[in-house]
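A.B. asks: I'd like to ask some things about the structure below.
The values are calculated or read from the model by the stated rules, or taken from the named source; none is laboratory data. Worth saying up front: this structure is predicted, and the values here are computed from it rather than measured. FYI the Cβ positions are ideal-geometry reconstructions off the backbone, even for glycines, and counts take in every protein chain you see. Just the protein is used for accessible areas: all its heavy atoms, side chains included, with ligands, DNA and RNA removed. Shrake-Rupley method; radii C 1.70, N 1.55, O 1.52, S 1.80 Å.
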Amino acid sequence: GDLGPSFKLPNRTVNEIIADKLPVSLELGALALLIALAVGLPLGVLAAVRRNTWLDYACSSVAMTGICVPTFVLGPLLVLAFAIHLGWFNASGWYGPADRVLPSVTLGCVYAAYLARLTRGGMLEVLHQDYIRTARAKGAGEARVVLRHALRGGLLPVVSFLGPAVAGILTGSFVIETIFQIPGLGREFVTSAFNRDYTLVLGTVILYAVLIVALNLVVDVVQVWLDPKLKFE
């Protein structure tokens, strides 16, 4: 576990730099993931329940817009609107709650769009299953059918996506941390690449690889818990 000294900062080890910068990236990733789940899941469920209505078209349009607009475009636009013109939030830094809003929203909106599309597709597939018709035939209310019976099966595609998505949120913070001048591990990775700090680059890549493997393992376990048809081998 000893990744050695930094080439650029020989008085500091790679482990010390990662321990100093990683909490910032994890906080940014956690906030972005919460925003993605809070926005994406309700949009997907509403679009599936109200299929082929104006609500479905509106939610799908918002999701498609989020997929098409990259973070390096959305970030400066949010800074221009909410930091420069309105002055509600800060344009850069990582000092207080106001500094965390724009980067988290920028990173979370892209993944909220993907979650909305996946939730809609998964819910539409489940809502046509026989056990959903049986629940309705027994007199279960629409809210109970959706939240208790359909949602568990409809979230399977979302759970499959969350493993790579969380890894993408962490690695995607490279761009966000550079745009908003956030002192996280992603920005440190970019700086170390420019500085030819090979040990720090290697240590960061190893860390992200371990995180991706761990997240995929968690996703596999959650999938088995959600779907009784799957069994551990």
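A.B. asks: Please enumerate the residues belonging to the stretch 123-139 that are within 30 Å of G168 (Cα to Cα), free of Cβ contacts under 8 Å to residues at least 60 places away in the same chain and in contact with a helix residue (DSSP H, G or I) (Cβ under 6 Å, 6 or more places away or on another chain).
C.D. replies: Scanning the stretch 123-139 gives a single hit, V126.
A.B. asks: Okay, moving on. For V69, state whether it is farther than 18 Å from R120 by Cα, open to solvent by less than 70 Å² (accessible area, probe 1.4 Å) and more than 20 Å from the chain's Cα centre (by Cα).
C.D. replies: So V69 does not fit the description; no.
A.B. asks: Can you pull out every residue in the stretch 97-116 that is under 12 Å from L34 (Cβ atoms) and open to solvent by 10 Å² or more (accessible area, probe 1.4 Å)?
C.D. replies: Listed by number, the residues that qualify are R100, V105, Y111.
A.B. asks: Tell me the helices (runs of 4 or more DSSP H) entirely within the stretch 1-89 that contain at least 1 residues that are of a type in the set (F, W, Y).
C.D. replies: Per the criteria, 54-68, 71-78.
A.B. asks: Of (1) modelled with pLDDT of 85 or more; (2) closer than 19 Å to L28 by Cα; (3) open to solvent by 50 Å² or more (accessible area, probe 1.4 Å); (4) not small (G, A, S), N90 satisfies all except one. Which?
C.D. replies: Result: N90 fails condition (1) only.
A.B. asks: Still on this structure, please answer the following. Of everything in the stretch 99-137, what is under 14 Å from L43 (Cβ atoms) and hydroxyl-bearing (S, T, Y)? Give them in sequence order.
C.D. replies: Y111, Y114, T119
A.B. asks: Please go through the stretch 123-132 and give me each residue that is of a type outside the set (D, E), assigned to a helix (DSSP H, G or I) and modelled with pLDDT of 70 or more, ordered by number.
C.D. replies: Of everything in the stretch 123-132, those that are of a type outside the set (D, E), assigned to a helix (DSSP H, G or I) and modelled with pLDDT of 70 or more turn out to be M123, L124, V126, L127.
A.B. asks: Suppose we filter L43, L55 for residues that are of a type in the set (A, V, I, L, M, F, W, C), over 30 Å from P97 (Cβ atoms) and either open to solvent by 40 Å² or more (accessible area, probe 1.4 Å) or in contact with a Leu (Cβ under 9 Å, 6 or more places away or on another chain) (or both); which single one remains?
C.D. replies: Working: L43 fails: over 30 Å from P97 (Cβ atoms).
Just one listed residue meets the conditions, L55.
A.B. asks: Right, here's the next one. Does the stretch 167-207 hold any residues that are over 20 Å from the mean Cα position of the chain (by Cα) and β-branched (V, I, T), and which are they?
C.D. replies: Matches in the stretch 167-207: V190, T191, T199, V201, I206.
A.B. asks: Does at least one position in the stretch 186-208 carry a residue that is within 15 Å of A32 (Cβ to Cβ), crowded, with 22+ Cβ neighbours inside 10 Å and in contact with a Leu (Cβ under 9 Å, 6 or more places away or on another chain)?
C.D. replies: Among the residues of the stretch 186-208, at least one is within 15 Å of A32 (Cβ to Cβ), crowded, with 22+ Cβ neighbours inside 10 Å and in contact with a Leu (Cβ under 9 Å, 6 or more places away or on another chain), which makes the answer yes.
A.B. asks: I've got another one for you. If a residue must be in a loop (DSSP other than H, G, I, E, B) and over 16 Å from R100 (Cα atoms), how many such residues does the stretch 163-206 contain?
C.D. replies: Matching residues across the stretch 163-206 total 3.
A.B. asks: Identify all residues within the stretch 172-182 that are open to solvent by 50 Å² or more (accessible area, probe 1.4 Å) and out of contact with any Ser or Thr (no Cβ under 6 Å at 6 or more places or on another chain); write none if there are none.
C.D. replies: T178, I179 - these are the residues of the stretch 172-182 that are open to solvent by 50 Å² or more (accessible area, probe 1.4 Å) and out of contact with any Ser or Thr (no Cβ under 6 Å at 6 or more places or on another chain).
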